[in-house]
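> The following block contains the structure, expressed as structure tokens.
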Amino acid sequence: MSKFLITGGAGFIGGNFCHYMVSKYPQDEFVCLDALTYAGNLETLEPIMNAGNFRFVHENICHREGIFKLFAEEHFDYVINFAAESHVDRSIENPEIFLKTNILGPQVLMDACLKYPVKRFHQVSTDEVYGDLPLDRPDLLFTEQTPLHTSSPYSASKAAADLLVMAYHRTFGLPCTISRCSNNYGPYQFPEKLIPMIIKKALADEPLPIYGKGINVRDWLHVYDHCTAIDLIVRQGADGEIYNIGGHNEKTNLEVVQTILNYLSKPQSLITFVKDRAGHDLRYAMDPSKLEKELGWRPKYTFETGIGRTIDWNLNHRDWLEHVASGEYLRFMKEYYSSK
Ligand code: NAD
Ligand code: DAU
């Protein structure tokens, strides 16, 4: 029996990871910790809330006293940190909370891991730490050796956390791994991110805001495949190592939006080009060959198989969408897009 702490588990990827792990490993125990910011929703955890091997704790990863108390009580084997401020546009509007949550939060967790020793601290990072690739060099991919070269306050905060994790490994001997994944999509994604936002607006026949010319490229991975990769890395990855995660699904933003519109039989005329994102990264593309060769990971979904399921999920979970799309979400969407 192993005991896991999953932080940020009321969010999109952490929530999917909780669902995956709780049913896959009934003999293990899972404590999910989340501050329930605008992006965290207990409804995401409803299907597993009453599972015997799962419990939710409302706490902030920056709150040292509360975190240390929890570690003293629980004695975790594995700590997996998903908790973060995750939306690039918000980091351009207000960087400070990104630095607090995304850098100081992991530091508190790692200090707790040193005081109450764990088998592994895993930091969930992102391909955005590598910066971007040119559009006219499809041969170039990010590898784990690509230098860090960040563009937004969000990606800078994630890169800072990665450096801190490696420093804790070298200086204090913290047992750790880092994964860097490409763009995720799938169930329970908050509708400020491109894919769920486009689905939501298209269903309401609202204009679809596309930054610049829509030619920026992202490398899309279904969240289920991100979960299987993290599970493998945490259990079998080598200590102190970084693993890229991605499924070779590069698409321009325009291709993604057109696919969604076709699936929903909505007109392309909903597409509206708006002012570009400041510092907008041109292209992300991951080389996941280390993860594939060393740990045998293979993604289950292509973009073509995953996107239809994701649109169907959104169609079948309108209640979830309506409940999360309130308060702070509405304020941000109104203020942010009115200046575009
Ligand atoms: P999300 O915004 O949907 O969820 C983040 C969760 O963290 C929320 O539940 C929120 O309440 C919680 N949280 C925020 N601040 C907290 C704090 N101080 N203490 C405790 N909980 C806090 O984000 P996501 O898309 O699920 O991303 C999860 C992780 O994966 C992040 O670390 C992100 O950088 C990384 N990542 C995301 C993607 C992607 O495409 N979404 C890709 C690669 C990596
Ligand atoms: O690559 C991994 C990263 O993917 C994660 O680390 C981040 O947490 C996650 O938010 C995501 O970042 P992106 O900036 O790539 O995702 P987003 O959904 O915000 O935007 C995807 C692309 O769509 C990007 O090129 C910007 C564009 N876009 C986005 C929005 C919200 C638009 O054209 N219009 C929009 O309104």
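> Out of all the residues in segment 276-305, which are farther than 25 Å from G212 by Cβ, open to solvent by less than 40 Å² (accessible area, probe 1.4 Å) and within 16 Å of ligand 1 (Cβ to nearest atom)?
D287, P288, L291, W297, Y301, listed by residue number.
> Taking segment 121-161 as the search range and keeping residues that are of a type in the set (D, E) and under 16 Å from L282 (Cβ atoms), which one is farthest from ligand 2 (Cβ to nearest atom)?
Step by step, filter segment 121-161, then rank; the result is D139.
> Between a residue in segment 80-105 that is within 16 Å of L164 (Cα to Cα) and any residue that is charged (D, E, K, R) and in a loop (DSSP other than H, G, I, E, B), which pairs come within a Cβ distance under 8 Å, given they are 6 or more apart or on different chains?
If the second residue must be charged (D, E, K, R) and in a loop (DSSP other than H, G, I, E, B), the pairs left are F98/E85; T101/E85; N102/E85.
> What about K193, is it modelled with pLDDT of 95 or more, of a type in the set (D, E, K, R), surrounded by 18 or more Cβ atoms within 10 Å (Cβ to Cβ) and within 16 Å of ligand 1 (Cβ to nearest atom)?
Numbers: modelled with pLDDT of 95 or more: yes; of a type in the set (D, E, K, R): yes; surrounded by 18 or more Cβ atoms within 10 Å (Cβ to Cβ): yes; within 16 Å of ligand 1 (Cβ to nearest atom): yes.
Spelling it out, K193 is indeed modelled with pLDDT of 95 or more, of a type in the set (D, E, K, R), surrounded by 18 or more Cβ atoms within 10 Å (Cβ to Cβ) and within 16 Å of ligand 1 (Cβ to nearest atom).
> Being open to solvent by 10 Å² or more (accessible area, probe 1.4 Å), in contact (Cβ under 8 Å) with a residue 12 or more places away in the chain and touching a strand residue (DSSP E or B) at 6+ places or on another chain (Cβ under 9 Å): is that true of V165 here?
Taking the combined requirement at face value, the residue does not satisfy it.
> Within segment 196-209, count every residue that is touching a strand residue (DSSP E or B) at 6+ places or on another chain (Cβ under 6 Å) and surrounded by fewer than 21 Cβ atoms within 10 Å (Cβ to Cβ).
Residues that pass the stated criteria total 3.
> Kindly indicate which of D77, D89 is surrounded by fewer than 19 Cβ atoms within 10 Å (Cβ to Cβ) and under 16 Å from the mean Cα position of the chain (by Cα).
D89
> Which members of segment 238-269 meet the condition of being touching an Asp or Glu at 6+ places or on another chain (Cβ under 9 Å), in a loop (DSSP other than H, G, I, E, B), in contact (Cβ under 8 Å) with a residue 24 or more places away in the chain and open to solvent by 10 Å² or more (accessible area, probe 1.4 Å)?
A238, G247, H248, N249, K266
> Same structure, new question: Yes or no: segment 53-65 includes at least one residue that is over 21 Å from P106 (Cβ atoms), open to solvent by less than 50 Å² (accessible area, probe 1.4 Å) and away from ligand 1 (no atom under 15 Å from the Cβ).
Initially, segment 53-65 is screened for residues over 21 Å from P106 (Cβ atoms), giving 53-55.
Within this subset, residues satisfying the condition of being open to solvent by less than 50 Å² (accessible area, probe 1.4 Å) are 53-54.
Now drop any that are not away from ligand 1 (no atom under 15 Å from the Cβ), which leaves 53-54.
Within segment 53-65, one or more residues are over 21 Å from P106 (Cβ atoms), open to solvent by less than 50 Å² (accessible area, probe 1.4 Å) and away from ligand 1 (no atom under 15 Å from the Cβ).
> To continue, here is another question. With respect to F273, is the statement that it is open to solvent by 60 Å² or more (accessible area, probe 1.4 Å), of a type outside the set (S, T, N, Q), in contact with a Phe, Trp or Tyr (Cβ under 9 Å, 6 or more places away or on another chain) and outside any loop (DSSP other than H, G, I, E, B) true?
Working: open to solvent by 60 Å² or more (accessible area, probe 1.4 Å): yes; of a type outside the set (S, T, N, Q): yes; in contact with a Phe, Trp or Tyr (Cβ under 9 Å, 6 or more places away or on another chain): yes; outside any loop (DSSP other than H, G, I, E, B): yes.
So F273 passes the test.
The values are calculated or read from the model by the stated rules, or taken from the named source; none is laboratory data. Computed from a predicted model, the values in this text were never measured in an experiment. Cβ coordinates were reconstructed from backbone atoms using ideal geometry, including for glycine residues, and neighbour counts include every protein chain displayed. Side chains are part of the model used for accessible areas, which takes the heavy atoms of the whole protein and leaves out ligands, DNA and RNA. Shrake-Rupley method; radii C 1.70, N 1.55, O 1.52, S 1.80 Å.
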